[in-house]
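Undergrad: The following block contains the structure, expressed as structure tokens.
The values are calculated or read from the model by the stated rules, or taken from the named source; none is laboratory data. As the structure is a computational prediction, the values presented were derived from the model and not from experiment. Cβ sites come from the backbone with ideal geometry, for glycine too, and all protein chains shown count toward neighbours. Remember, those area values only see protein heavy atoms, side chains included, never the ligands or the DNA or RNA. Shrake-Rupley method; radii C 1.70, N 1.55, O 1.52, S 1.80 Å.
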Amino acid sequence: MAETKVQKIKLLKIWEILNGIKCDRRTIYGDIDAMQSNGYSILNRRRGHDMVYWVEERKFDLPELKIIMDAIQNSKFIPRDKTEELLNKIASLGGSESTHLLKRNTVRFHVVKHTNDDIYIITECLERAIECEHRVSFRYFDLNASGERVFRHDNQLYQEEPLAMICDDGNYYLICYRAEPEYANHVKVFRVDRIADIAVLDDVISKEAKRASKTIANYPKQVFKMYGGKIRKIRLAFDECLIGVMFNKFGEEISIKKYGKRYTASVEVQISPTFWGWLTQFPGTMEIMSPVDVKEAYAAWVRSAIESEESK
């Protein structure tokens, strides 16, 4: 329908040209040269005795492509060789005039890149399984000191109910449904770059998993580096210098209130060693105000860490 409307507009433009708009051919050439000099992507080619001009269609603007390229560069889960290939493809979307500029202005920071070259195959299989609501099977590994794969689960296949994939801190994660009580929120998380031998199964995921997938968008906001733990609402008190830290960690929609000389905010977190570790970065400038059991659990964890160091 939209294409039909564009064609109708073309007829109106032809009508305008045929009714009184006059100009010299050299004027047209000059106008086109001026537009090209000011960054407009007007291409030309000689066809027989005529010079043909056209506008190259672009799906992305230059700033949009730059942001995408920077995100790719800083994604740890994309191997280094595939990063270079992908950057070249993205840069080419800007047209010949912009490709050189984009590649020249991409700062290549030293980002730790993972080495799973099957990342595209794994991602494609997981996306297909999530879309079709099917189970997947795979092997899952860690790396030893020599960088060799050591498979978990006695090298047996995992059979999981995939819910979603999310990107966090440069890594890609697969969120799966697990009904066992030891898994907080019935969720198990896997690093996508640690997956091998992926396969989409014929089995459909359970009704419970389908229900969980409807609310999975709330989960990433509550995790700390993807470590499990019970979700609790806590109240934090902190100094003014940590307001930016709070917004960065919990989002700019949180409500921060003045509390004497300090500030407070109520946030949802997953109670886990990773959260405790984050909190220890701010001794004397941030503390848990409530609930009491979470405050006591944090104090006990800190004491245990100190005792462990002293006993060495």
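Undergrad: Just checking, does region 122-131 include any residue being open to solvent by less than 70 Å² (accessible area, probe 1.4 Å) and either in a strand (DSSP E or B) or touching a Phe, Trp or Tyr at 6+ places or on another chain (Cβ under 6 Å) (or both)?
TA: No: region 122-131 contains no residue that is open to solvent by less than 70 Å² (accessible area, probe 1.4 Å) and either in a strand (DSSP E or B) or touching a Phe, Trp or Tyr at 6+ places or on another chain (Cβ under 6 Å) (or both).
Undergrad: Go over the candidates Ser213, Ser137 one by one and state the one that is more than 23 Å from the chain's Cα centre (by Cα) and under 30 Å from Leu86 (Cβ atoms). Reasoning before the result, please.
TA: Working: Ser213 fails: more than 23 Å from the chain's Cα centre (by Cα).
Answer to the selection: Ser137.
Undergrad: Okay, moving on. Any residue at all in region 166-177 that's touching a His at 6+ places or on another chain (Cβ under 7 Å), at pLDDT 90 or above and closer than 17 Å to Lys207 by Cβ?
TA: Applying the first criterion (touching a His at 6+ places or on another chain (Cβ under 7 Å)) to region 166-177 yields 177.
Adding the requirement that they be at pLDDT 90 or above leaves 177.
After this cut, where a residue has to be closer than 17 Å to Lys207 by Cβ as well, the list is 177.
Yes, that holds for at least one residue.
Undergrad: If we only count strands (runs of 3 or more DSSP E) wholly inside region 238-312, which ones have 1 or more residues that are over 30 Å from the mean Cα position of the chain (by Cα) and loosely packed, with under 10 Cβ neighbours inside 10 Å? Even if it seems obvious, please write down each step before you answer.
TA: Numbers: elements: 257-259, 262-270, 286-290.
The strands (runs of 3 or more DSSP E) meeting that bar are 257-259.
Undergrad: Going by the conditions given, is Ile67 at pLDDT 70 or above, open to solvent by 90 Å² or more (accessible area, probe 1.4 Å), β-branched (Val, Ile, Thr) and closer than 30 Å to Tyr172 by Cα?
TA: Numbers: at pLDDT 70 or above: yes; open to solvent by 90 Å² or more (accessible area, probe 1.4 Å): yes; β-branched (Val, Ile, Thr): yes; closer than 30 Å to Tyr172 by Cα: yes.
So Ile67 fits the description; yes.
Undergrad: Could you check region 237-281 and list, in sequence order, the residues that are among the hydrophobic types (A, V, I, L, M, F, W, C) and closer than 29 Å to His186 by Cβ? Talk me through it step by step, then tell me what you get.
TA: So the first thing to find is which residues in region 237-281 are among the hydrophobic types (A, V, I, L, M, F, W, C), and the list is 237-238, 241-243, 245-247, 250, 254, 256, 265, 267, 269, 271, 275-276, 278-279.
Passing the criteria: Met246, Phe250, Ile254, Ala265, Val267, Val269, Ile271, Phe275, Trp276, Trp278, Leu279.
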